[in-house]
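These notes are about the structure you will find just below.
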Amino acid sequence: MLESEYSYLVEKLPEDIEKSPKKEIDQGYFSDMPSPLRIRNQDGFCTLTKKIPLKEGDHSRYEETEMPIKKEEFDLFWPVCKKSLSKTRYYYPLENSLKAEIDVYHGKLEGLMTVEVEFPSEEIRAAFRPPEWFGLDITQEEWSVNSALSELTYEQVKDLIKKSSKEQKYAD
């Protein structure tokens, strides 16, 4: 499946976020960028996923292959992961039938909130304008990819955010 998405920081969650469906997610990684191999437990539904970027250095488009696995397999693989993270994902409706996937991280990433929007077509992607509550665009920041985040603490991420926002300010 082709995946085309934008990623942003979230500074303040929408006021009605608790009305949105949500899932608890634990995910671990066996390999690093640019093509991480991941296992995920999403409220008991477990998968093994390989993401391959369509273009080197572009963190917005991937070929994603996902395969369901049994919870027992997830439990067997989990201790072998090189790195991991946990988060709550909210599925929040946007205009034009789009959905925001808002991730609120836990553990060593407590305090970090991101949002991704996946696009069904290039036309919809090109016309997309982020809502006011979206923060800094982190789509092309290598550190913002979950396999990279799983190696960081929130304090380290805050330093990277400061650097990214300065670079974007001077690029505008």
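Taking into account only those residues within region 1-52 that are in contact with a strand residue (DSSP E or B) (Cβ under 8 Å, 6 or more places away or on another chain) and acidic (Asp, Glu), which is farthest from Gly107 (Cα to Cα)? Filtering first and then ranking leaves Glu3.
Please find, among Asp16, Asp26, Asp58, the residue that is surrounded by fewer than 17 Cβ atoms within 10 Å (Cβ to Cβ) and under 15 Å from the mean Cα position of the chain (by Cα). Outline the logic, then answer.
Values: Asp16 fails: under 15 Å from the mean Cα position of the chain (by Cα); Asp26 fails: surrounded by fewer than 17 Cβ atoms within 10 Å (Cβ to Cβ).
It is Asp58.
Determine whether Arg40 is in a strand (DSSP E or B), in contact with a Gly (Cβ under 9 Å, 6 or more places away or on another chain) and modelled with pLDDT of 95 or more. Yes: the conditions hold for Arg40.
Per the listing Tyr91, Tyr62, the residue uniquely among the aromatic types (Phe, Trp, Tyr) and modelled with pLDDT of 95 or more is Tyr91. Among the residues of region 78-128, those identified as free of Cβ contacts under 8 Å to residues at least 40 places away in the same chain, in a helix (DSSP H, G or I), at negative phi and not hydrophobic (A, V, I, L, M, F, W, C) are Pro79, Glu95, Glu123.
Just one of Asp32, Asp26, Asp75 is charged (D, E, K, R) and in a loop (DSSP other than H, G, I, E, B); which is it? Quick ask: steps written out before the conclusion?
Numbers: Asp26 fails: in a loop (DSSP other than H, G, I, E, B); Asp75 fails: in a loop (DSSP other than H, G, I, E, B).
Step by step, each of Asp32, Asp26, Asp75 is checked, and only Asp32 is charged (D, E, K, R) and in a loop (DSSP other than H, G, I, E, B).
Screening Ile52, Ile69 for residues that are β-branched (Val, Ile, Thr) and modelled with pLDDT of 95 or more leaves exactly one candidate, Ile69.
Looking across region 80-109, just one residue is surrounded by 15 or more Cβ atoms within 10 Å (Cβ to Cβ), among the hydrophobic types (A, V, I, L, M, F, W, C) and more than 19 Å from Val145 (Cβ to Cβ), and that is Leu98.
Among the criteria (1) more than 28 Å from Phe30 (Cβ to Cβ); (2) without any contact (Cβ under 8 Å) to a residue 60 or more places away in the chain; (3) outside any helix (DSSP H, G or I), the one Gly135 does not fulfil is (2).
With the condition kept exactly as written, say whether any residue in region 157-167 is out of contact with any helix residue (DSSP H, G or I) (no Cβ under 8 Å at 6 or more places or on another chain), under 23 Å from Ser31 (Cα atoms) and either charged (D, E, K, R) or buried (at least 18 other Cβ atoms within 10 Å of the Cβ) (or both). For region 157-167, residues out of contact with any helix residue (DSSP H, G or I) (no Cβ under 8 Å at 6 or more places or on another chain), under 23 Å from Ser31 (Cα atoms) and either charged (D, E, K, R) or buried (at least 18 other Cβ atoms within 10 Å of the Cβ) (or both): absent.
The values are calculated or read from the model by the stated rules, or taken from the named source; none is laboratory data. Just so we're clear, the structure is a prediction, and the values are computed from it rather than from any experiment. Cβ: placed from backbone, ideal geometry, glycine included. Neighbour counts: every protein chain shown.
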